[in-house]
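Undergrad: Below: one structure in structure tokens.
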Amino acid sequence: MTAAPEVIDLIHVAARAAADKLAQNLIAFDVSEQLAITDAFLLASAPNDRQVRAIVDEIEDKLREAGAKRIRREGEREGRWVLLDYGVLVVHVQHEEERQFYALERLWRDCPVLELPADLTVAPAPDGV
């Protein structure tokens, strides 16, 4: 089973929102074969806590406008790693340091990478991410 078209649409909405707030190193994984609890992950990072929060707020606004209902939001207080759970999509927005340390890309490297919109403008990632 692969991520449904509706999930891909949500990923694109979230990725555009993140890019609008200068998120770095955006990548989406289809985890539907490995996890029963969600279909996809979207990972994004930012160089500081304030920007992490801004990215998260923009993603939430745009997904709400698209009709998605958030189930859970975790990590907001610290602003270092915020997880947004939409059931079929889980978004991880991490501070650069957490992104490097936890390296979720390595954890999910066996999962298919989902294509993001071609016109997406993404801030370059710092070296080592």
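Undergrad: Mind checking which pairs have a first residue in region 35-51 that is more than 14 Å from residue 83 (Cβ to Cβ) and in contact (Cβ under 8 Å) with a residue 40 or more places away in the chain and a second that is basic (Lys, Arg) and open to solvent by 10 Å² or more (accessible area, probe 1.4 Å), Cβ under 9 Å, 6 or more apart or different chains?
TA: Cβ pairs passing all conditions: 46/21; 46/53; 49/80.
Undergrad: Next question. Just to be sure, is residue 24 touching a residue at least 12 places away in the same chain (Cβ under 8 Å), touching a Cys at 6+ places or on another chain (Cβ under 7 Å) and among the polar types (S, T, N, Q)? Reasoning before the result, please.
TA: Values: touching a residue at least 12 places away in the same chain (Cβ under 8 Å): yes; touching a Cys at 6+ places or on another chain (Cβ under 7 Å): no; among the polar types (S, T, N, Q): yes.
Criteria not met by residue 24.
Undergrad: Taking region 34-61 as the region of interest, how many residues are open to solvent by 30 Å² or more (accessible area, probe 1.4 Å) and within 12 Å of residue 11 (Cβ to Cβ)? Don't jump to the end; show me each part of the working.
TA: Narrowing region 34-61 to residues open to solvent by 30 Å² or more (accessible area, probe 1.4 Å): 34-37, 39, 47-51, 53-54, 57-58, 61.
Filter again for within 12 Å of residue 11 (Cβ to Cβ), leaving 39.
The total comes to 1.
Undergrad: From the list 16, 64, which residue is within 13 Å of the chain's Cα centre (by Cα), modelled with pLDDT of 95 or more and either in a helix (DSSP H, G or I) or closer than 20 Å to residue 2 by Cβ (or both)? Break it down stepwise before answering.
TA: On the way: 64 fails: within 13 Å of the chain's Cα centre (by Cα).
One residue alone meets the criteria, 16.
Undergrad: Given 64, 70, 80, which one is closer than 18 Å to residue 8 by Cα and in contact with an Asp or Glu (Cβ under 7 Å, 6 or more places away or on another chain)? First the steps, then the outcome.
TA: Details: 64 fails: in contact with an Asp or Glu (Cβ under 7 Å, 6 or more places away or on another chain); 80 fails: closer than 18 Å to residue 8 by Cα.
70 is the lone residue from the list that is closer than 18 Å to residue 8 by Cα and in contact with an Asp or Glu (Cβ under 7 Å, 6 or more places away or on another chain).
Undergrad: Another question, then. If I filter region 76-89 for residues that are farther than 24 Å from residue 2 by Cα, in a helix (DSSP H, G or I), in contact with a strand residue (DSSP E or B) (Cβ under 8 Å, 6 or more places away or on another chain) and modelled with pLDDT of 95 or more, do I get at least one hit? Step through it out loud before you land on a result.
TA: Filtering region 76-89 down to residues farther than 24 Å from residue 2 by Cα leaves 76-82.
The next check asks that each one be in a helix (DSSP H, G or I); those that pass are none.
Scanning region 76-89 turns up no residue that is farther than 24 Å from residue 2 by Cα, in a helix (DSSP H, G or I), in contact with a strand residue (DSSP E or B) (Cβ under 8 Å, 6 or more places away or on another chain) and modelled with pLDDT of 95 or more.
Undergrad: From the set of residues in region 2-33 that are among the polar types (S, T, N, Q) and surrounded by fewer than 20 Cβ atoms within 10 Å (Cβ to Cβ), which is farthest from residue 107 (Cα to Cα)?
TA: Restricting attention to region 2-33, the residues satisfying the condition of being among the polar types (S, T, N, Q) are 2, 24-25, 32.
Now restrict to residues that are surrounded by fewer than 20 Cβ atoms within 10 Å (Cβ to Cβ): 2, 25, 32.
Working: 2: 19, 25: 16, 32: 15 Å.
Per the stated criteria, the residue is 2.
Undergrad: If you check residue 83 against the conditions, is it out of contact with any Gly (no Cβ under 9 Å at 6 or more places or on another chain), without any contact (Cβ under 8 Å) to a residue 40 or more places away in the chain and farther than 23 Å from residue 119 by Cβ?
TA: Numbers: out of contact with any Gly (no Cβ under 9 Å at 6 or more places or on another chain): no; without any contact (Cβ under 8 Å) to a residue 40 or more places away in the chain: yes; farther than 23 Å from residue 119 by Cβ: yes.
Judged against the criteria, residue 83 is not a match.
Undergrad: Still on this structure, please answer the following. I'd like the full set of residues that are open to solvent by less than 100 Å² (accessible area, probe 1.4 Å), of a type outside the set (Gly, Ala, Ser) and over 14 Å from residue 18 (Cβ atoms), limited to region 68-82. Walk me through it before giving the result.
TA: Looking only at region 68-82, we keep the residues that are open to solvent by less than 100 Å² (accessible area, probe 1.4 Å), and these are 68, 73-76, 79-82.
Then keep just the ones that are of a type outside the set (Gly, Ala, Ser); that gives 73-74, 76, 80-82.
Hits for region 68-82 are 73, 74, 76, 80, 81.
The values are calculated or read from the model by the stated rules, or taken from the named source; none is laboratory data. In this text the structure is predicted, and so the values were computed from the model without any measurement. So basically every Cβ, Gly included, is an ideal-geometry build from the backbone, and we count neighbours across all protein chains shown. Areas reflect the complete protein model, heavy atoms only, side chains present, ligands, DNA and RNA absent. Shrake-Rupley method; radii C 1.70, N 1.55, O 1.52, S 1.80 Å.
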